[in-house]
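Since the structure comes first, as structure tokens, the remarks are kept for the end.
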Amino acid sequence: MPFHHLLNLALLIAYPLAWLAPLATAGVLPWFSGDEITIAGGVIDLWEVDPALSLVVALLAVVVPWGKTAMLAAIHRGWRGPIWVIEAIGKLSMADVFLIALYIVVVKGVGIGHVTPAWGLWLFTACVLASIWVSWRTAREKPG
């Protein structure tokens, strides 16, 4: 089994771990409950303020990237469905955009309190970069 197939299967486990891992620790930030910022916690906190936006973020930053990974696993196992499906899901995946936005917040700060990166940020970064590479590598494979 090629390396990128194995890596993609590992992402099916790594993504959920990254959603629960601390991305950063925050001090005196009123819109985050507790002092650790996680993807799951952010979606839950957002639900209390704006449920519709919380659903959009959960869909585009959690469900779609994991679904894309599952679809790539199916392609690696021989599924030859319409390629536009995986391309559409790849375009909807907001994990990479979310990661860039998170880095901007961490680097620039928010003017209130402080934010310190945590190990989950590295895990989530690795997941996003690995997913981009697996998608690229899979697209280069010849069908058959």
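Please give the contour-minus-distance gain from residue 25 to residue 119: 0.36 nm per residue of separation, less the Cα-Cα distance, rounded to one decimal in nm.
32.8 nm
So what are the ³J(HN,Hα) numbers for the range 9-22, from phi and the Karplus equation (6.51, -1.76, 1.60; θ = phi - 60°), rounded to whole Hz, Gly and Pro as x?
Per-residue couplings from phi come out as 4, 5, 5, 4, 9, 5, 4, x, 5, 5, 5, 9, 6, x Hz.
With θ taken as phi - 60° and the coefficients 6.51, -1.76 and 1.60, list the Karplus ³J(HN,Hα) couplings across the range 56-72 in order, rounded to whole Hz; mark glycine and proline as x.
Calculated HN-Hα couplings, in order: 5, 4, 4, 5, 7, 9, 10, 5, 5, x, 5, x, 4, 5, 5, 5, 4 Hz.
Under a 5 Å amide H to amide H cut-off, with H placed in plane at 1.01 Å, what residues pair with residue 38 once short-range neighbours are removed?
Close amide H contacts, sequence-distant or interchain: 23.
FYI, it's all coordinate maths here, none of it is from the lab. Everything quoted here is computed from the prediction, not taken from an experiment.
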